[in-house]
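Worksheet for the structure shown next.
The values are calculated or read from the model by the stated rules, or taken from the named source; none is laboratory data. Predicted model, so just to flag it, every value in this text is computed and none were measured. Because the Cβ atoms are built from the backbone with ideal geometry, glycine has one as well, and the counts that use them run over all protein chains shown. These accessible areas exclude ligands, DNA and RNA; they are computed on the full protein's heavy atoms, side chains included. Shrake-Rupley method; radii C 1.70, N 1.55, O 1.52, S 1.80 Å.
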Amino acid sequence: MGQAFPPADPGGVSPSRPDSAKTDSSPQDAPYPMQGRNSATDHRFTFHASRFTAPGRDARAKPAVFFSILLISWLWWGPHALSAKGHSGSPGIPPEKAAAYIYAVIKADRTLYTTDIVDRLQAKGVTSASEHWEQENALMLPAQFLQHSGKLAAENGSGIRYRLIGLWPIYRRNAPASDLERNALESLRKNPDLPVTGIVTSGRKQYFQAIYPDLGVSQACITCHNGHLLSPKRDFKLNDVMGGIAITLPLE
C-alpha cells in the first residue's frame, strides 16, 4: 500500500516529505482525492486543482470535460429518446388483423341472428323469415341482415365496407366484382379455413380486401337458395361454402 500523508501540524504548515517517499512522477499526477479537502489548509488540493487552470493545460482539459459531459448526456437521454421515437412511430393494427376482427364480429352477429332468432322463432311458429319481410311483416333473411348492416356501415363515413359475394348469386349485385374476388371464391371452396387477401385500387385510393367464406350454417339459408326461382345452384347442403364475405378497408 502507498504511504499515508501525515496530517498538517497545528501551525498550518505541512511537514516536509522525506526524500525516500519521492518518486519520478510529477505531484500533479498523483491520485489525490479532492472530496472533503480545503484549499486553505491542504496545499496538495491547491496544487492538484491547478492542473485544470495552469497555462498550457486548459486546451487539453476543456475537450476532455466536453466529451465527458456529452457521454453522460447520451447515457441519460439516449434511451429515453429512443423509447419516445419507438412509441411515436409505432404502427397501428395491420389491415389483416383489422379485417379478422371485423369478420369475427360479423360472423358472431349473423350466427346469433340466424340460430337464436330466425330458426328459433320459425320452429316455434311465432313468425317466419321472408325475402319480402317488409311487406309481409316477417323477419329478414340472414343474408339480408348482413346486407343491410353492411350498407349502414358504408354510410357512416369510415370507409369500411363488407358485403356478400358468390359464384352462383341469386342477384347480379352479389357477383364477384374483380378477379381477386372470383379467385378468392374458387380458393375458399377448396380451403375455407384460409381467407384470401389483396390490395385493390379505386380511383387514386388503395384498399385492403379480405374475403372469408360464407357458410350455410342454417337450414333457412339452404332452403332459400335451393328453392329460389332465380338461383343458379339448387343443391346446397348444410355447412357448405355458399359464397364469401368481402371486407374492404381503406389504406389511408
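So for region 134-144 (the condition being of a type outside the set (Val, Ile, Thr), surrounded by fewer than 16 Cβ atoms within 10 Å (Cβ to Cβ), more than 24 Å from Lys233 (Cβ to Cβ) and touching a strand residue (DSSP E or B) at 6+ places or on another chain (Cβ under 9 Å)), does at least one residue qualify? No, there is no match, as no residue in region 134-144 is of a type outside the set (Val, Ile, Thr), surrounded by fewer than 16 Cβ atoms within 10 Å (Cβ to Cβ), more than 24 Å from Lys233 (Cβ to Cβ) and touching a strand residue (DSSP E or B) at 6+ places or on another chain (Cβ under 9 Å).
Every condition in (1) closer than 29 Å to Asp119 by Cα; (2) in a strand (DSSP E or B); (3) hydrophobic (A, V, I, L, M, F, W, C); (4) open to solvent by 40 Å² or more (accessible area, probe 1.4 Å) holds for Ile199 except the one numbered (1).
Name the residues in region 148-187 that are part of a helix (DSSP H, G or I) and open to solvent by 70 Å² or more (accessible area, probe 1.4 Å), would you? Across region 148-187, the qualifying residues are His148, Lys151, Leu152, Glu155, Arg172, Arg173, Asp179, Arg182, Asn183, Glu186. Residues in region 117-137 that are part of a helix (DSSP H, G or I) and either in contact with a Leu (Cβ under 7 Å, 6 or more places away or on another chain) or not charged (D, E, K, R) (or both): Ile117, Val118, Leu121, Gln122, Ala123, Trp133, Gln135. Selection within region 205-237: residues that are in a strand (DSSP E or B) and among the charged types (D, E, K, R). The member of this set that is least open to solvent (accessible area, probe 1.4 Å) is Asp214. Only a single criterion out of (1) at pLDDT 95 or above; (2) touching an Asp or Glu at 6+ places or on another chain (Cβ under 7 Å) is not satisfied by Leu141, namely (1).
Of all residues in region 99-132, those that are aromatic (Phe, Trp, Tyr) and open to solvent by less than 60 Å² (accessible area, probe 1.4 Å) total 2.
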